[in-house]
Every structure is written in structure tokens, then in C-alpha cells.
1. Considering only the other residues whose Cβ falls under 12 Å of the Cβ of B:GLU326, what net charge follows from Lys and Arg at +1 and Asp and Glu at -1?
2. Calculate the mean, over all residues of peptide B:153-163, of how many other protein chain Cβ atoms lie within 10 angstrom of the residue's Cβ.
3. If you take each beta carbon of peptide A:171-180 and count the beta carbons of other chains within 10 angstrom, what is the mean?
4. To make sure I understand, if each residue's beta carbon is the centre and we count other beta carbons within 10 Å, what order do A:SER347, A:SER425 fall in, fewest to most?
5. Nothing charged except the Cβ atoms of Lys and Arg (+1) and of Asp and Glu (-1): what's the magnitude of the dipole of the protein assembly as shown about its Cα centre? Round to the nearest 20 debye.
6. Which residues does a label at B:TRP169 reach in the stretch A:321-343, if reach means a backbone N under 14 Å from a point 7 Å past the Cα toward the Cβ?
7. Can you give the angle from 0 to 90° between the axis of helix A:433-456 and the longest principal axis of chain A, with both taken from C-alpha atoms, to the nearest 10?
8. When A:ARG102, B:ARG333, A:ARG218 are ordered from fewest to most other Cβ atoms inside 10 Å of their Cβ, what list results?
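What follows is calculated from the coordinates using simple rules that are stated; it is not laboratory data. What you are looking at is a predicted structure, and each value in this text was computed from that prediction instead of being measured. A quick note on method: Cβ atoms are made from the backbone with ideal geometry, for glycine too, and the neighbour counts reach across all protein chains shown.
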Amino acid sequence: MQVTSPIREPLVTGHKTMHDITEDICRRVEEKPSKAWLAAFGVSLIMLIVGGYAAAATWWYGIGMWGLNKTVGWAWDITNFVWWVGIGHAGTLISAILLLFRQKWRTSINRAAEAMTIFAVICAGTFILMHMGRTWLAHWALPLPNTYGSLWVNFHSPLVWDVFAISTYLTVSLVFWYVGLIPDLATIRDRAKLTLEKYPLLDTDTPEERREKRKKRRPIAAFIYGLLAFGWEGGAKVWARYEYVALILAGLSTPLVLSVHTIVSFDFATSLIPGWHTTIFPPYFVAGAIFSGFAMVQTLMLITRKVYKLEDYITITHIDYMNKIIILTGSIVGIAYITEFFMAWYSGVEYERYAFLNRAFGPYWWAYWSMMTCNVISPQLFWFKKIRQSIAWSFFLSIVVNIGMWFERFVIIVTSLHRDFIPSSWAMFYPTLYDIGDYLFTFGIFFTCFFLFAKYLPVINMAEVKTILNSSDIKAKEKATEYLKEGGAVKAASPMYDKGKDL
Amino acid sequence: MAAEHTVTVDVNEKYTLTAATQKKIWLWLAVGLILFIAGAFWFVTGFGSEAAHGAGHAAEHGGGGGEHFNPMARVWANLWLNSVFFVGIAVAGVFFLATQYAAKAGWSAIIKRVPEAFGGFLPVGGVIMLVVYFLGHHDLFHWTHTGLYEKGGPEFDAIINGKAPFFYWPLSPEGGFPFFWLLRLVLYFALWYWGYTMIRKASLAEDQLQNRLDFRYYDKQVVWSIVFIVIFAVTSSTSAWDWLLSIDTHWFSTMFGWYVFASWFVSALAVITLAVVYLKEQGYLKAVNENHLHDLGKFMFAFSIFWTYVWFCQFLLIYYANIPEEIFYFKERLHGLGGVYSPVMIILAIINFAFPFLFLMPRDSKRHPIFLKITAFAILVGHYLDFYLMVMPGTAKQYGGFGLMEIGAIIVFASLFVWLFYRTLSKAPLIAKNHPMLEESLHHSI
């Protein structure tokens, strides 16, 4: 028997039934695209095309199109790469780590967060492909047997570890996301098939009747979702297997989530560059990634919730919990910043000290203080419950956090490079239109994919929300209060809790 | 809700610290003291001949034996090491409790009085640390030597001189009184104990409620838990810098604070698990079932991996960069100081990672007391060694080792910890009967 404490807030409001859940979520897949969706999708496509021009130019002419110079050999490209990889952390964290921690509230947001993860990792990969210059030789990053003598990738290089970490992460995230989709795809398939049975085309139909029926019949959906659902039939045994697979994938992805940003941090921390070589980087990068990932989930979910009217599934409680994770990880990141600053002083190494002073008070001071304001100071507003539960504030701050996390990577990468060891090599970095255009290109990819996902796939995991309905809707809270009033499980042992007494 | 499923639980159950148990603990304490004193006496008096041998040994390896060594250093190092280890377990136990409130955990409501009893060790631990500092600071902390700060003096050390404000502010280092450092030590204990007491107070007040639907004190505990977490988030790192990082005064690592936290936390989880299992074996906490043990096992499993992650990242990054300013720390432990510490490095990786990782991997091993006992014990040994490796090379130098003195010191501190734990535990019922999550915990099934 599952008992829920009355102190827990309901996770599904509006007295929903199982069928209501199916209707509310499937409706969005089945209806014609709305005007708002078409407009948003159009804007994404424009971003994709305009940015695509910049990306094509970068590929055609080479990365000389960027604002890099001899001193600052890494700038927007790697900043954007790390930023997108970071965003790609929330999805698998929500579905894997929160699953292991039995957090029921994850069920309403995991689907969209996982989808977002996959798109974000694709965007991140785009920058690696662009930076390669000769993209058609991308497979050289893999340790493939070849005829160039014993020519292998440099296994000592964290950049190669990155190739392994990120491609593994993408694969597992994709599998995890897809496995979770299967039962819901089957639901959509079955509903589409039902229209075929309900409105059969008969020889006796008049042309009008036939036209009406054709409008209601959804044979293409039945076929495509049927293919995608892998013949799921929803038997008890299939469900049991499904749960095992989910648990195993969660177990596999948990170390993967942590490993990805750990290895991204190694890209910098294994070097000797002051400001990069610092041991706290791995866990601090992971915390930062979760921080920015949750902020992006918050941004997207607040929009989806509004447009699709999902207020009963993504409740204020969900928003509140996500904000709590944002303040937690934001504070961890803040502690890491201060630790680095302190250790730079404590170490007595003049290069370290200079690197950090230069960050805060050098020519890039504005980037540093933008980062501090957006990442450390502004999330502290979430200490106030009012702000945590305000949709406008949550939306605003989630965007602020993502701006801040972009600046964090920019600060780490560019301020550590631009003042080289020899002052004659000192330089500044100025982005070109192509730096900006390539960034826009990934936004185009991201939003085009996300809007396609939001239209053609169920944005909320119906099957999983149904599993928590009995224990976490409004009625459950009432029942839990009643149960406690009656004395609960301890009544047998303690006369104090006998019915009616002292209550 | 299904009324037929009734868990029998005695909500007024209390732990009684019997005279016999008390006697047993005192006996252990006495045995530990004797071993410790005998070992210390043996080492200090016999040092002359050993030192000659040791110095010759070090010279062979080309380093370190030059400066004169006070054999009492190893004695103080033992006391300091155990203080830091057990204080860390106590405070991390309270931190675990706080996380359970902050995260609205349901499963742990039934065992929450166990970590809650850890806080009883804090004031005693604080006093011990202060005393040990005043007795042995010159042998424990290189930075307490005033000669290091005399410009132009033979011992002057520019790097340590640069760190002087961290220890001596606002006083001058020549005075030899590390005001700032000591102030922090006192502050840590004051803040930790204050946070703990506030949680405890609300927890005990909750027991007195007559209405189970009154969540006043639960809410209070949540608030104080968050206050404690904020305090600990900062002080866990800074105390690690003060107490451990500063032993090897030249060395620095930004990861260090989180690394020490990971070690403390997993040790605290092991002690919580051991305490729950032993209490259950003694007939207490009947409502704790294999599902609760399973979760405790998962925590030990997960945080063993977390510790390994942090430990390995710190090691790898320093090893890979191979900068002289940092690498000497690991060189000393792996090959230096006559090689006395090199086996410990290897043992650490096995006992703190490979063993719990493989042993706790299967579901069943997390659900059986005997497996948990073995792993928890191994984790405690392993993390003691972890702290051993942080303290000893910088203090006992090449004269470190593992003998009667070390065993005795562990027994003394462990018995003291157990005694204070039981004493605090016996002061309140074992089950917080008005905990709003109690029903969830009683019906916990995974």
C-alpha cells in the first residue's frame, strides 16, 4: 500500500481522471497546427535559414570567418558548445537522477526536458563540426582503423574523451527518451486506429458522407505512430519490462550525465593555463550545467504550459521545485567561484592571482560582473516563496540564468586566453557576424526541433503521469489527511491515536 | 486506504543506555587509552634509534630527512586526525538529517533520530580540537612557526608569508597567535551546534503535539535544516582548508573542500547505517525493514562513487598538469617520505571505491544487515585512511606508520563518539511520532 503524507502538495490538479490526461495531451498532437505554433515555427525556420547561411559560409571559407586570433584561439565556438552541452544536462538529470530519487514531480516535465536535451546536444555538436573546418573528415575524431600507418587519435587528449562522452550521452539519452515515448505513441496510434473503425468507408456512402468521414479518419497517423510504437500492446509483462529498462537506463545515464560535463571541464582543467587549471572544475561544471539546464527547462515549460493550457499538470508546485533546484545549483556555482578566487590568492602563484584579478577588473570586467550578477546574485531572489511561485519572475530569471551561464563560459575561456604569458601577445576578441550567425544557426536548429516535437509528439509523459495520479492528485491529499486523522498505521500501537481522541 | 495493512510500531519506544553498555564503552575507552599511551610512549622514547634509521632511509631516497623531527608530532597528529574524522562524521550526520527535511524525504522519517543523535558529539569534539591545537600546533601546522614570517630570516618563506592573513589576521604573524584561524574554529562549532540545536528543539517539541495534523514544528525543522545546509555549504569547505589543507601549507587545490566533504558524508552514512542495524539487532526500531536498509545502502553506494569521483578528479588533474607547485603533494604520498604512505594510496582506491561499488551493486546486498555491516565498516576504515593520508605525511613525515598508537587513538575516539551518541539517543523517543512523513516511512516499500 502506498501512503502519501498530507503535507505534500498535489502534483496533478483539476480533479483529472485517467481519460482526461489522455485527452488533454493527445489533443495537441491530433489537432491542426495552431496559428501561434505556425508563427513560432516560422520564426525558428527563419533563424535556421539565416544562421544556416553563416554556417555554410563558415564551412565554405573556413573558420577564418570567425573573430579568432593567434592568442584567443577559442572563443564563441567553444563557449557556445559548452553552453549547449550544459543545457543538455537537465533532461537526463530529471529523468534519471530524479527517477532514482523517486521524485514524482518529474513525470510532468521529463519528456520535454529529455527532448530538449537531445536537441541541445545536437546544437553543441554542431560547433565541434564547424570548428573542425573540414567537416567531411569528422570521423577522424573516432579511433578508426586506417591505412595511414599507425595513425590514431590522441588518446591523451580530453578532446577525444569528449567525443566518447558526448556521443555516448547522446545515444543513451536518445534511447531513454524513445523508450519512454513508446507507450504514449501506442496510445496515439490506437486513437488514430479507432477513427478508422468508427468511420469505415462504405460503398453505400454518399460523396458528402465520404468527405465527412475522410476528415475524421486518420490513416497516416495510424500508420506512422503504429510504426513508431514498435507494436506496443500494453500487457502487464510488457509494462514490467518497460520499468526494468527504465531503471537500467536511469542507472546508466546517471554516471553519464555527470561524466559529460566532467570531461568538458577536463578540456580546460588538464591544461596549464591559469584560470583553467583548477581541480574544482569537474563538479563545478556539472553543477553549472544542471543550473543552466533547469533554467532552460523552466523557460520552455512555462511557454508550453501556457500555450497548451497544461496548468493542471505543470503546477505552481513544479515551478517552485525547479526554482529550488536552480537556487541550489546556482549557489553551488557561486561557492565554486569564490573558492577559485580564494585559492588563487591562497596559492601564492602570481599567474593564478593575475588571471583572477584580470577576470574581475581587466578589460572583460563587464563579462565577469554580468556572470556574477546573473548566476550568483539574481537566483538568490528565489529564496522568496513569492518570487519562486511567480510565473513572470520564474520566466524572467530563467532567461537571466541562461545569459549568465553563457557569460560564465565566455569569461573562463576568453579571459584566461587573451592575456598570454608574453605581454606582446596580448589581444582582445571581437566576434564577427559569422560568430553571431553560427550561434543563431544553433538556435534555429534547437527551436525548429523543439516546436516539431511539441506538435507531433506528446509533450507530457501520459503513461507516467497516470502512475502518480492516485497518490498525488487533489483527492490523494484529502485522503491522506483523512487517513492520518483516523490514526494511520500507528493507531494499533498507541492509544493516543485512537479515532477521535485529541483531534 | 487499505486498513488491513497495519504496521505495528511503538511510538513511545526509547533507547535505554544501560549500566552494562555504559561499562562496556568505558572499558573500551580505557583499553584505547592504554594502547594509545603505550604506543605513544614506545614511539617517543624509542625515537632516537629509529630516527637514525629513518634519516638514513630518507637520505637514500634523496630527500626530506634534513630538518629535525619532534616525535610528539605523530602523537598530536593522531589526536588531530581522529578529531577531524569524528567531528566530520557528527556534523555530516546532522547535514544528512537536514537534507532529508530540505528535500521532503519520506522514507527516512523512521530513522531520523539516529543522525539527530550525532550532534551530541559536536561540543566535545570542539573542545578536544582546541586542546589538541594548543598542545601540538607547532608539530601539526608548519605555518605556526614565527620564523617563516621574519623577512630576511633564515626560515623566511615568501609563499607562507603571503598566506599569513588567512591565519593571523588582524594580528601580526610574529606574535604567533592565529586569531583568525582560531576564531573560525570556534565559529564553526558554534554555528554547527546552534543549527543542530534549533533543529533538535523543534524536533522534540513536535513530539509533544497532540494533533498529528499540526505541521508547525515540521515547518520549523525545514527552515532550520535549510539554515544548517547554508552554513555547512560554506563551512565544510573552509573548515577543510583550515584543519587539513593548511597542514601541507604550500599546497593548494580548489577541489579540496568538496573532497573532504565527500569523505565526511560517506563516513556519516556508514555510521548511520551501522547504528540503525545495531539498534535493530538489539530489538529497537522494529518498524525499520529491508526497504529502509536498501535506501541506506543506496546512499552508501552512491556517495562512495561520489567520493571516488571527487578524489580521482583532483588526483588526475594534478597528475596530468604535473606542475611543481601542486604535484609534490601526491609525489610525497606515492613515492616520497621513504615510501611509508604509498600502500595507503592503493588501499584507498580499493576499499573506498572498488569494494563498496562491487559489493553493494546487487539489490539483495543492500537489503541484508550483514552485507551492510561489512561495507559500512570497510567504508569507515577506508575513509579513516583517507584522512590519515591527509594528515600524516605533513606531520609525522617519514616516521608515520600504523601501530598501537593509531589503533588506540581510533578506539578512544570511537568509544567517545558511541557513548555520546547513545546518550543523546536515549534522551528522546526513537521514533518521532508526529513526523508528517512517518506514515510514508512506515509503509515504505521499494
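1. Numbers: positive: B:LYS331; negative: A:GLU352, B:ASP248, B:GLU325, B:GLU332.
With Lys, Arg at +1 and Asp, Glu at -1, the net is -3.
2. Partner-chain Cβ atoms within 10 Å, mean over residues of B:153-163: 2.
3. Values: counts 0, 0, 0, 0, 0, 0, 0, 0, 0, 0.
Averaged over the peptide's residues, the number is 0.
4. Least crowded to most crowded, the residues run A:SER425, A:SER347.
5. It comes to approximately 2600 debye.
6. Under 14 Å, as judged by backbone N against the label point of B:TRP169, lie A:339, A:341-343 of the stretch A:321-343.
7. The helix A:433-456 is inclined about 10 degrees to chain A.
8. Going from sparsest to densest Cβ surroundings: A:ARG102, A:ARG218, B:ARG333.
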